[in-house]
1. Could you identify the single residue in S53, S92, S73, S46 that is within 30 Å of Q10 (Cβ to Cβ), of a type in the set (S, T, N, Q) and modelled with pLDDT under 95?
2. What tally of residues in the stretch 105-125 results from selecting those that are under 15 Å from Y85 (Cα atoms) and part of a loop (DSSP other than H, G, I, E, B)?
3. In the stretch 85-141, how many residues are among the small types (G, A, S) and over 11 Å from the mean Cα position of the chain (by Cα)?
4. Hey, can you tell me all the residues within the stretch 128-141 that are among the β-branched types (V, I, T) and closer than 13 Å to P67 by Cα?
5. Mind checking which residues of the stretch 53-89 are acidic (D, E) and within 13 Å of E116 (Cβ to Cβ)?
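The values are calculated or read from the model by the stated rules, or taken from the named source; none is laboratory data. Just so we're clear, the structure is a prediction, and the values are computed from it rather than from any experiment. Note that we place each Cβ from the backbone using ideal geometry, even for glycine, and neighbour counts take in every protein chain shown.
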Amino acid sequence: MPYIMQRAKQFISCILVTFLATLLLFGSAVVSNIFLPKHASAQVDSITGFSLSLFPVFGGRVELVLPCVCEASLWIQVGDPRPGYFMVTPLSRVYERYTPLIDHWVIGTALPFEIECRIPIPYYGCVKIESGKPVVIMGTS
């Protein structure tokens, strides 16, 4: 009986950590709405499609959003015209609506390398589910 109680306590603590991390992620998005500027401008050459910054450009409709609880980030899949997989981290500057939702349009720049999106699994710790480029700046509609 003590073994079952110990496993139940571990499972409940894992669920509690997941809940608190999710609450922290979405709470930081709400707080950032208060402190970040409300306007952004896209700096992409319409002929060549190259960014005027050093970072790769992305933009399109958000097709999928997954919370990455272990990183306190969001993994997003962006569709055409500039598709890719991206991570919205606490260090990302997000403008306009501040949260990428499915079927909303986004545009922005990301770093040229990928980071992992991980979620906690009871008794296994954090497990990788996807990876994406960290977003530097992103505007949403």
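1. That would be S73, the only listed residue that is within 30 Å of Q10 (Cβ to Cβ), of a type in the set (S, T, N, Q) and modelled with pLDDT under 95.
2. So in the stretch 105-125, the residues under 15 Å from Y85 (Cα atoms) come out as 105-118.
If we keep only those that are part of a loop (DSSP other than H, G, I, E, B) as well, we get 111-114.
Count: 4.
3. 5
4. Selection gives I129 alone.
5. Matches in the stretch 53-89: E71 only.
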